[in-house]
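The values are calculated or read from the model by the stated rules, or taken from the named source; none is laboratory data. All values reported here derive from a predicted model rather than from experimental measurement. Only protein heavy atoms, including side chains, enter the accessible area calculation; ligands, DNA and RNA are left aside. Shrake-Rupley method; radii C 1.70, N 1.55, O 1.52, S 1.80 Å.
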Amino acid sequence: MMIQLAWADGADQTIGLPSYETAGAAGADLRANFADGQGITLAAGARALIPTGLRMAIPEGFEVQIRPRSGLALKHGIALVNAPGTIDSDYRGEVKVILFNTSEDNFPISRGDRIAQLVLTPVTLAQWQE
């Protein structure tokens, strides 16, 4: 399945597109892409909206789910506030990820860090009846 991607204004195009790190991976890694090329420090107990620099055209009948990375959760207490997050097929804005630091330590997020994963999923629409 092909998903068209475009760079958001000011995005660092050298970071690269989402990628599957192994042959059996269901999720493609998504990276932080700060317009200033720097990064942030996510304070203990804080949350932040992290830009990815990507916009996407998801085919009708599908969604992209944003899911946490288990390594970040286990090692650093970094979670997604609304996991899984949904990107609808008609959304065309920049994809951003809400990260939450559940630990007691500050956590640096740098340009290019893997922050979440994307999973393409088919959507079945219901017909509602009272």
query = What Kirkwood hydrodynamic radius do you get for the stretch 1-64 when you take the inverse of the mean 1/r over all pairs of distinct Cα atoms, in Å?
reply = 13.7 Å
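How much mean residue ellipticity at 222 nm does the chain get from its helices, if each DSSP H run of length 4 or more adds -39500 (n - 2.57) and you divide by all residues, to the nearest 500 deg cm²/dmol? The partial results should precede the final answer.
On the way: 1 runs with 7 residues, N = 130.
Computed ellipticity for the chain at 222 nm equals -1500 deg cm²/dmol.
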note = Relative contact order of the stretch 1-116 (C-alpha contacts under 8 Å, at least 6 apart) in percent is 35 percent
query = If the viscosity is 0.890 mPa s and the temperature 25 °C, what translational diffusion coefficient in µm²/s does Stokes-Einstein give for the stretch 39-112 when Rh comes from Kirkwood over Cα pairs?
reply = 186 µm²/s
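Per residue, how much accessible area does the stretch 41-130 show when a 1.4 Å probe rolls over the protein heavy atoms, in square angstrom? All intermediate terms of the calculation are to be shown ahead of the outcome.
On the way: 5480 Å² over 90 residues.
Accessible area per residue: 61 Å².
Would you work out the Kirkwood radius for the chain? I mean one over the mean of 1/r across all pairs of different Cα atoms, in Å.
On the way: mean 1/r = 0.0648 Å⁻¹.
Evaluated over the chain, this radius sits at 15.4 Å.
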